[in-house]
Amino acid sequence: MATDEPAPTRPVSYADTKLGLGIDLGIKDMAILNTGKKFINISKTSYYYHVEKMKKRWQARLARRKIAAEKSFAKNHPHQKAGYLTSRGIEEARYYLARWSAKLAKINKETVRQAIAQIVKLKPPHITVEKLNIKGMKANPKLAPSIQKLGLSYFKTWLTWQCQKHGIELREVSTWYPSTKLCSTCGTYNRAQFHGTMADLAVRQFNCPHCGLSIDRDVNAAINLQQATDYTVLTATE
Ligand SMILES: [Zn+2]
């Protein structure tokens, strides 16, 4: 659905949230706004790393203790099948694993909610995001773990709800919209930029051969999203 709203004339002040916001959901950073504001990916902080390490440690302990219990059962009861085996050690590991898992889930949730609270506070009339291709992302084994950590779909869900609550129109553009390849200043489609869609994440800068614009690639994508005129509205209108 397109609107007959004219495309903003350039140069526009990207810090002006009255023109609406574009949010690029990423891997290096969790979310990047067209204003240049970035919300870091929590999984890169040392605290997150610590919690994750503790979870993994208890996961490993639980597995080891289960194997040990099975072995000792097999030794003592050679002709019986082991049912539900437990021990003080196994129960302890189960307890701590559950605690660290819950902690990790809570951090993920809180980070997303805090970022969205800040975004909503800017009071933009509308916010534009890209449709997530979670399946495609998960198919890429290199990206899968960080994708899961980010909880991008949770971000989207919570954002939709918050936009609804605050009367902000949430727009979604199709996965085919070339937000990373368009120049946000002159609109030139740069085929050579970022060949595979997710392939060269190492290249952080967008350089336009046509107008000479050199800008952070995620900010460029966010500006393109903000300016997109072909979108679906996710929030219900009253
Ligand atoms: Zn350009």
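Computed from the coordinates by the stated procedures, all read-outs in this text should not be read as laboratory data. Everything numeric here is computed off the predicted structure, so don't read it as measured data. Cβ coordinates were reconstructed from backbone atoms using ideal geometry, including for glycine residues, and neighbour counts include every protein chain displayed.
If you take all other residues with their beta carbon under 10 Å from the beta carbon of Glu92, and give Lys and Arg +1 and Asp and Glu -1, the sum is +3.
Measuring between alpha carbons in the structure, the pairs from Lys18/Lys44; Lys44/Lys181; Lys66/Lys106; Lys37/Lys156 lying more than 22 angstrom apart are Lys18/Lys44; Lys44/Lys181; Lys66/Lys106. With a cut-off of 12 Å between beta carbons, the residues surrounding Arg65 carry a summed charge of +3, where Lys and Arg count +1 and Asp and Glu -1. The loop-placed trypsin sites (Lys or Arg not before Pro) in the stretch 105-136, going by DSSP, that have at most 16 neighbouring Cβ atoms within 10 Å of their Cβ come out as Lys131.
What does the charge count around Val129 come to, taking other residues whose C-beta lies under 14 Å from its C-beta (Lys +1, Arg +1, Asp -1, Glu -1)? Computed value for this residue: -3. Our coupling estimate for the stretch 216-226, obtained by passing each phi through the Karplus curve with A = 6.51, B = -1.76, C = 1.60 and θ = phi - 60°, is 4, 4, 6, 5, 4, 5, 5, 5, 4, 5, 4 Hz, Gly and Pro reported as x. The value for the stretch 4-133 of Rg(Cα) / (2.2 N^0.38 Å) is 1.75.
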